[in-house]
Amino acid sequence: AGYSGTSAIAKALIRGGNEADAATNAGYFTVFTRPASGGLTEKLRITSDGEVLIGGRSNWGGSNLHPNTLNKLVVTGTSPANSFDSQCHLEGSETNGNANTGGALAFGGHDGSSFRNWGNIYGMKENGTGVKNR
């Protein structure tokens, strides 16, 4: 909770509930925040199936809360998007500006005996001044 002037106002909310209808034991977890103007809006939902929905995209048509049965992470960007908006921003923690620093998206899976990294998409510095996407 916070204040708007002297009046108490909910700035954020954490909620759990039943997916689809009250008769199910399938539960979800949500986080709501309030923009500068307007009401509380859902920004994050974790479903009973382990899907993580980020950006307020929780209701995919009536009581069907799932975008599909394949994706476990769905990130919804701004609409309309600005020229340089990203739906997902991956950032390295290096601050030295050296070559081969930046962010990466990794793809992996299990090979039958252990988990493996299959491939990456990198946004890395090529040298001390330039940027190279690989």
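Quick notes on this structure:
- Taking the listed residues GLY103, GLY55, GLY16, the one that is under 30 Å from GLY123 (Cβ atoms), modelled with pLDDT of 80 or more and within 20 Å of the chain's Cα centre (by Cα) is GLY103, with no other qualifying.
- Candidates in region 19-31 are the residues that are modelled with pLDDT under 85 and among the polar types (S, T, N, Q); of these, the one that is least open to solvent (accessible area, probe 1.4 Å) is THR24.
- Residue check for GLY92: farther than 30 Å from SER4 by Cβ, at pLDDT 65 or above, in contact with a Gly (Cβ under 9 Å, 6 or more places away or on another chain) and surrounded by 14 or more Cβ atoms within 10 Å (Cβ to Cβ): yes
- Qualifying residue in region 87-102 (condition: part of a strand (DSSP E or B) and under 25 Å from VAL75 (Cβ atoms)): yes
- The residue that is most open to solvent (accessible area, probe 1.4 Å), among those in region 32-43 that are in contact with a Leu (Cβ under 7 Å, 6 or more places away or on another chain) and either within 15 Å of GLY17 (Cβ to Cβ) or among the aliphatic types (A, V, I, L, M) (or both), is LEU40.
The values are calculated or read from the model by the stated rules, or taken from the named source; none is laboratory data. All values derive from a computational prediction rather than experimental measurement. When we count neighbours, we look across all protein chains shown, and the Cβ atoms used for this are built from the backbone with ideal geometry, even at glycine. Keep in mind that these areas ignore ligands, DNA and RNA; they rest on the heavy atoms of the full protein, side chains included. Shrake-Rupley method; radii C 1.70, N 1.55, O 1.52, S 1.80 Å.
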